Amino acid sequence: MNILVLNVGSSSVKYSVFKDEKEILEGLVDKIGEKTGEFKDHESVIEHIEKELVSKNISIDVIGHRVVHGGKEKESKVVDNEFLKEIEKYSDLAPLHNPHEINGIKISKKLGALQVAVFDTAFHSTIPSKASTYALPNSLCKKYGIKRYGFHGISHSYIASVTEGKVISCHLGSGSSVCAIINGKSVDTSMGFTPAEGLVMGTRAGSIDPGIIPFLIEKEEYSWQQIEHVLNEESGLKGLSGKNDLRELLTDDSKEGKLAVDIFVYSIVKHIGSYAAAMNGVDEIVFTAGIGENSSEIRKRVCNSLSYLGVIVDDERNTEGDMLISSDNSKVKVKVIKTNEELMIAKEVKKAVTKSHI
Ligand code: AMP
């Protein structure tokens, strides 16, 4: 089975083709619609991919789309017109992501292959009610489906598939989240109803006192769009220091830059501690995504605050790109694992197609 995996963003399309579980093609188009970009819109990118497939003599049986918010969906599903309408409803819950992904599904129809939606929220459907329920009036939660959905589920599920026991998966990138996993199942995660909760991120504040929001709305006369923009685009490392790329911040000697990194590390340490407590222990801590995979400095600083758990990092392993970076006498295994969301999507597509007997 040849599977085209599509990850459609506002200005980029990441694509790859899997022959069963082997990747045979990959590509990335960015700056879509920008002056310096090659493509004016997403339709022309899909045409470009179609031409590339024809030129390489690759036929496609199924297309797997990453969809960030799947609402109540617990698993990946084949998309028909009715189901597409259903997932369009979730755009309200992830306005920065879902509309682009849904557009991706619509314009990919011209490729004439079966389409499957793979949701970032689905992996977290196993989170128990005590961890997924917000202590807001029950009636409001029911009316609007307010609960902890969690995100980065495709990445965390990949980590779950290659680890064992009680695991804390730290997906640290431009967006970051931590996930508590027991025997392959998500039991808690730091992102919640939207991807805004949890860790301090590149441009997102993460968890803050909810009282700050009405306070700012009143004092600054913000509309809800403005406050959302401040929390999602102007906060986090960027809000603290003016820089949202950790590579730049790690070489920044300013007081603000140093404090921003301290706050980022502290928020990771606190989340790891709370999940070790929630699971009554931890067997493995995993670092993944842009920062997790590439910054030995951040890994070291986080792990140095986890000695109470018996975490001991081997400095040489940490800096030399080993997968296992804890020392042999560490009570908890600490690993660096390159996430593989595309492979996970391809596997999910296969499962969904088999299940629907198509
Ligand atoms: P992602 O969203 O997973 O692609 O991660 C992107 C982020 O990873 C960038 O914003 C960088 O801050 C961070 N990053 C990538 N490489 C490094 C590195 N060598 N050291 C620190 N941060 C890095």
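Quick look at the values:
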item	result
Members of the stretch 170-187 found to be farther than 14 Å from THR121 by Cβ, away from the ligand (no atom under 16 Å from the Cβ) and outside any loop (DSSP other than H, G, I, E, B), listed by number	ALA180, ILE181, ILE182, LYS185, VAL187
Subset of the stretch 108-130 [of a type outside the set (Gly, Ala, Ser) and open to solvent by 20 Å² or more (accessible area, probe 1.4 Å)]	LYS109, LYS110, LEU111, LEU114, PHE123, THR126, PRO128, LYS130
Set GLU320, GLU256: member being open to solvent by 70 Å² or more (accessible area, probe 1.4 Å) and closer than 27 Å to ASN340 by Cα	GLU320
Lone qualifier among ASP314, ASP283 - being over 30 Å from VAL67 (Cα atoms) and either within 16 Å of the ligand (Cβ to nearest atom) or open to solvent by less than 70 Å² (accessible area, probe 1.4 Å) (or both)	ASP314
Residue, surrounded by the most Cβ atoms within 10 Å (Cβ to Cβ), within the stretch 211-250, restricted to residues that are away from the ligand (no atom under 16 Å from the Cβ) and either closer than 29 Å to SER296 by Cβ or hydroxyl-bearing (Ser, Thr, Tyr) (or both)	TYR222
Criterion violated by LYS300 - all others in (1) within 13 Å of the ligand (Cβ to nearest atom); (2) surrounded by fewer than 21 Cβ atoms within 10 Å (Cβ to Cβ); (3) farther than 23 Å from ILE154 by Cα; (4) in contact (Cβ under 8 Å) with a residue 24 or more places away in the chain satisfied	(4)
Residues of the stretch 172-197 satisfying the condition of being closer than 16 Å to ALA276 by Cα and either aliphatic (A, V, I, L, M) or crowded, with 20+ Cβ neighbours inside 10 Å (or both)	SER177, VAL178, CYS179, ALA180, ILE181, ILE182, SER186, VAL187, ASP188, THR189, SER190
Residue check for SER10: hydroxyl-bearing (Ser, Thr, Tyr) and out of contact with any helix residue (DSSP H, G or I) (no Cβ under 6 Å at 6 or more places or on another chain)	no
Residue ranges of helices (runs of 4 or more DSSP H) in the stretch 51-168 with at least 2 members out of contact with any Phe, Trp or Tyr (no Cβ under 7 Å at 6 or more places or on another chain) and under 30 Å from HIS357 (Cα atoms)	81-88, 98-108, 153-161
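The values are calculated or read from the model by the stated rules, or taken from the named source; none is laboratory data. If you're wondering where the values come from, they're calculated on a predicted model, not measured in any experiment. Here the Cβ is made from the backbone with ideal geometry for all residues, glycine too, and neighbour counts use every protein chain on show. These area figures cover heavy atoms from the full protein model, side chains too; ligands, DNA and RNA do not enter into them. Shrake-Rupley method; radii C 1.70, N 1.55, O 1.52, S 1.80 Å.
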